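Below is one structure, written out as structure tokens; the observations come after it.
The values are calculated or read from the model by the stated rules, or taken from the named source; none is laboratory data. In this text the structure is predicted, and so the values were computed from the model without any measurement. Cβ sites come from the backbone with ideal geometry, for glycine too, and all protein chains shown count toward neighbours.
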Ligand SMILES: [Zn+2]
Ligand SMILES: [Zn+2]
């Protein structure tokens, strides 16, 4: 029987041998940012690399042109482990979330496991998941069955902390639109219905509500339409809000109260309200067994792993939805100093810095090692599944009507 440590060492050696190639590809993706659902070149580059290394690649899966599923089979039946890749950039600012590092770390991990897959049971899958930044690509892929048959998934995100059990907030999006009546703002204001005032009142109502929200709740918005000329009473105005909380159910409850804020604004001004809700991201539920295995592998590589603090800033990700369906981990790796947020120019520069490259390689190695652990040890996989089932049961109990 092949030694587990030896398999891991050979996967690590393979990743080390590919270091320059991975960093080069990361830099190319970084220099050519593509926003949600438009990641044509990034997706093609990753697919080409996987195909060149013997993966069976299916491009354009789940009805998304820039999604892909690449697979390589082990030497016997066993678990199916999926390493996920994100590669979308943000509008205007580019790769300020460092998804170029995510994509190439996942590629590196897959190529590391590829070097020893002939000695392992089971199956390794790489799923290319577009549009994490607001488009919810993983939700679409889940709905289209692209994750069917997968036993566990993982992905690593760059951050200012290294931790394996980071949570994320559940989020929902709300668009409010008000239709009023245009009138000359000086000649006949009494003839108008001011849609912009309805939007402003909505914000003021939300701010009053905010005083009484739990500390994990976030409500933030922008005005997308606010009229066209100062001397015309706006007959149309609109805003978009993001409502987040530590659990999906709580986010949905707060969302209803934000809608009430808009309804009250409509009543006060006489403007007619239309609202649309965009299904949001679920909160991330990290599988604890997988997280522990991942942390052990990082520590074996000499990477310091930070313990999750509930006060650490949390964003939202469609990986949360995956974690509700399949045992998953979404570790974070530090590439910037503590306190530097993502979606900033500093973070974008870090995504092509030596610290970013170290994060890429260490993430690739730990994902490869964790995949090898899961494929080689059916008992570990059983524990992962058991914990997932218990966590799901606990959630269902907690949400039963009382
Ligand atoms: Zn982001
Ligand atoms: Zn991100």
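The table for this structure:
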item: Listing of helices (runs of 4 or more DSSP H) fully contained in the range 290-380 that carry 3 or more residues being more than 16 Å from ligand 1 (Cβ to nearest atom) and buried (at least 20 other Cβ atoms within 10 Å of the Cβ); result: 354-376
item: Leading residue by the ranking (nearest to residue 197 (Cα to Cα)) among those in the range 259-270 that are in contact with a strand residue (DSSP E or B) (Cβ under 6 Å, 6 or more places away or on another chain) and buried (at least 19 other Cβ atoms within 10 Å of the Cβ); result: 266
item: The one condition in (1) at pLDDT 95 or above; (2) surrounded by fewer than 19 Cβ atoms within 10 Å (Cβ to Cβ) that residue 393 fails to fulfil; result: (1)
item: Condition check for residue 215: within 16 Å of ligand 1 (Cβ to nearest atom), out of contact with any helix residue (DSSP H, G or I) (no Cβ under 8 Å at 6 or more places or on another chain) and more than 20 Å from residue 82 (Cα to Cα); result: no
item: Members of the range 271-284 found to be surrounded by 22 or more Cβ atoms within 10 Å (Cβ to Cβ) and under 21 Å from residue 133 (Cβ atoms), listed by number; result: 280, 281, 282, 283, 284
item: Test: residue in the range 141-160 that is within 16 Å of ligand 2 (Cβ to nearest atom), within 14 Å of residue 68 (Cα to Cα), in the same structural domain as residue 303 (by TED's automatic domain parsing) and crowded, with 24+ Cβ neighbours inside 10 Å; result: no
item: Matching residues in the range 103-140 - criterion: being surrounded by fewer than 23 Cβ atoms within 10 Å (Cβ to Cβ), within 16 Å of ligand 2 (Cβ to nearest atom) and modelled with pLDDT of 95 or more; result: 139
item: Matching residues in the range 141-169 - criterion: being within 13 Å of the chain's Cα centre (by Cα) and within 16 Å of ligand 1 (Cβ to nearest atom); result: 155, 156, 157, 158, 159, 166, 167, 168, 169
